[in-house]
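For reference, the structure is listed below as structure tokens.
Laboratory data are not the source of any read-out in this text; all were calculated from the coordinates shown. Here the structure is a predicted model, which means the values were calculated and not measured. Here the Cβ is made from the backbone with ideal geometry for all residues, glycine too, and neighbour counts use every protein chain on show.
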Amino acid sequence: MLVPPHIRPSWVVVHGACCHVSTLAALAPAARPPAYCPLCEELITPKVGAIRTHHYAHRPDSRCAAAHPETALHLNTKFYLAQQLRSASSLRVAQTCAGGRCGARREIVWQADWDDVAVEFTLGSLRPDIALLKGGRVVAAIEVVVTHAMGDDKKRMLGEAAVPWVELEASAALYEGDAPWTPAQPLPVWRSSTLPPWTCDSCVAAQRQAALREAQIQRDAEYRRHNYETTREAMMVDSYFCSGKKYREVAYLVERYRRDTCVGVFVRTEDGTVIADASGDTPEALHTQVKAAVEAKLDQLRARPATDVVHVRIAWRRWEKGRKFVAKDTGRFPFSYTWDAAAGRWRRPYDEEAVHAIKVVDLYFSAGEKRREIFYVVQRYWQGLCAEALIRTGQGDILAVEPGELTEPTRDRLNRVVRDRLAAHHRAGALVDAWAWRRWEPGTPLLVADEERYVWGVATRTWELASE
Ligand SMILES: [Zn+2]
Ligand SMILES: [Zn+2]
């Protein structure tokens with residue numbers, strides 16, 4: 001605590017009793033009795049003029065500590081309080097709520113039963129700043145603190161002597177100014193031996209509420225430890241509509257646990273809509289069940305107009321924490337198709353095209369005409385990945401397009417288009433000599449021009465196998 005330097009001692013001993021130096025102001029200087037410093041007990045000079053606060057001065061060669069502001073503040077506070085308490089019958093103290101920052105205060109009567117007040121009364125090896133006495137016995141102690149709080153030893157010894165105590169901060173505001181402290185007001189104490197920490201009613205209620213909330217949080221957390229839902233797999237579907245709009249959906253396969261046991265599996269979309277749900281305790285079977293339900297929904301979508309595309313962007317994959325993909329994430333997972341406004345259909349863009357396989361078909365018509373058709377399986381690549389596979393004729397017509405990698409089912413579907421076309425020729429009466437698909441090696445010349453196997457028999461008017 002910083003003590004203002006202007007504080008000077010103002011309590012003196014006159015005729016063996018302590019009094020404020022102002023009591024000498026009423027007397028002419030020559031009529032004033034000798035006054036002594038209560039600390040060094042030397043004769044002092046009263047300074048009780050009209051301008052400065054009344055105080056006293058030591059002789060110039062004095063080394064008394066009372067000349068220091070800290071000591072002066074301590075003495076002034078102590079003697080002032082003692083004087084006030086001598087004429088009082090009870091001492092109230094103010095206590096601040098310990099519950100938080102509400103700042104609530106209460107006042108309680110701390111002591112009410114004393115018949116004398118002593119300063120620096122000797123109590124064994126202790127000398128409390130102010131002692132309240134009854135019948136010559138110390139019943140309570142008041143410690144006035146300036147720079148150091150009361151030591152633990154002193155507190156312990158007061159406790160052993162069964163003397164309740166309070167500790168308060170020395171302050172000129174207690175004894176100076178327009179409204180100095182009086183026993184009608186509560187004493188602003190720091191600490192007390194007999195006052196347990198006090199918490200106001202509203203803070204007690206708030207603490208109780210907080211405890212209830214915390215307990216509920218604990219119960220909830222405990223419940224969630226054993227009853228939870230955990231995402232196991234996820235997939236992503238892009239839908240391209242004939243209107244030219246595109247839409248992405250992410251689906252999560254989630255296992256539901258109750259009391260640490262799997263009780264169901266469901267699939268939800270990113271907005272939380274559940275699109276498939278199955279109950280049971282065998283997760284693997286439930287996975288199959290909900291996936292089939294999702295597949296059926298996709299089939300419904302695929303059955304829409306031909307210009308629509310349903311593209312499984314990412315098939316079911318194990319869900320790993322931190323690998324999150326979201327429907328809006330078209331940066332990392334760009335849409336695979338672009339709208340070809342001229343053609344009125346969706347196309348996968350490609351930057352590279354390669355012939356994968358070739359099929360040569362000779363068609364022999366009943367009128368002796370023949371025609372050769374060539375079919376190519378072409379793969380188109382976009383940034384190194386196969387974007388689509390298609391069937392193209394030697395004339396450059398595209399007969400069918402399959403999105404994605406060239407897989408076995410894709411190959412079958414493309415081949416079926418060729419077979420259907422050849423079956424139509426056959427039904428129309430043509431002799432169809434279809435060669436097997438063969439892998440196309442880049443740079444291989446197409447040596448098929450002279451490999452015709454049938455010749456037109458002019459006499460028989462039929463196609464005959466060419467002789468060697
Ligand atoms: Zn002195
Ligand atoms: Zn409070």
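Taking the C-alpha atoms only, the angle from helix 69-86 to the longest principal axis of the chain is near 70 degrees. Per the Cα gyration tensor, segment 11-67 maps to an equivalent ellipsoid with semi-axes of 17, 13, 10 Å, ordered largest to smallest. In terms of Cα atoms, the Rg and Dmax of segment 86-192 work out to 14.2, 42 Å.
Calculated FRET efficiency, Val312 to Phe365, Cβ-Cβ distance, R0 = 56 Å: about 0.80 to the nearest 0.05. Under a 5 Å amide H cut-off, with hydrogens placed 1.01 Å from N, Gly99 pairs with Cys200 among residues at least 5 apart or on other chains. With N as its number of residues, segment 380-436 has a Cα radius of gyration that, divided by 2.2 N^0.38 Å, comes to 1.32.
In segment 414-440, which residues have a backbone nitrogen under 18 Å from the label point lying 7 Å from Leu465's Cα in the Cα-to-Cβ direction? Answer for this model: 431-436.
Each residue of segment 227-340 gets 100 Å³ once the volume of the Cα convex hull is shared out per residue. For segment 199-291, the square roots a ≥ b ≥ c of the C-alpha gyration tensor eigenvalues yield an a/c of 1.5 or more together with a/b not exceeding b/c, which makes the shape oblate.
In a simple Cβ point-charge model (Lys, Arg +1; Asp, Glu -1; nothing else charged), segment 227-340 has a dipole of about 300 debye relative to its Cα centre. Pull up the cross-link candidates among the aspartates and glutamates for Lys246, meaning alpha carbon to alpha carbon under 12 Å and not fewer than 8 places away within one chain. Result set, ordered by chain and number: Asp238, Asp308. Subtracting the Cα-Cα distance of His6 and Arg372 from 0.36 nm times their residue separation leaves 119.7 nm of extension gain. Taking the alpha carbon gyration tensor of the chain, multiplying each eigenvalue by 5 and rooting it gives semi-axes of 113, 26, 17 Å, largest first.
Separation of segment 79-99 from segment 115-166 is 14 Å, based on Cα centroids. Shape annotation for segment 363-468: C-alpha extents along the principal axes are 58, 31, 22 Å, from largest to smallest.
Taking the C-alpha atoms only, the angle from helix 408-427 to the longest principal axis of the chain is near 30 degrees. What you get for the chain, charging only the Cβ of Lys and Arg (+1) and of Asp and Glu (-1), is a dipole of about 600 debye around the Cα centre. Here the simple spin-label model places points 7 Å from the Cα toward Cβ, and for Lys328 and Asp220 these points are separated by 2.5 nm.
Along the axis of the charge dipole computed for segment 73-136 (Cβ charges of +1 for Lys and Arg, -1 for Asp and Glu, origin at the Cα centre), the listed residues Leu132, Val109, Ser90 are led at the positive end by Val109. Our coupling estimate for segment 372-389, obtained by passing each phi through the Karplus curve with A = 6.51, B = -1.76, C = 1.60 and θ = phi - 60°, is 10, 10, 10, 10, 10, 8, 10, 10, 10, 10, 10, 6, x, 10, 5, 8, 7, 10 Hz, Gly and Pro reported as x.
Cross-link partners for Lys359 among the lysines, with Cα-Cα distance under 25 Å and sequence neighbours closer than 8 places in the same chain left out: Lys370.
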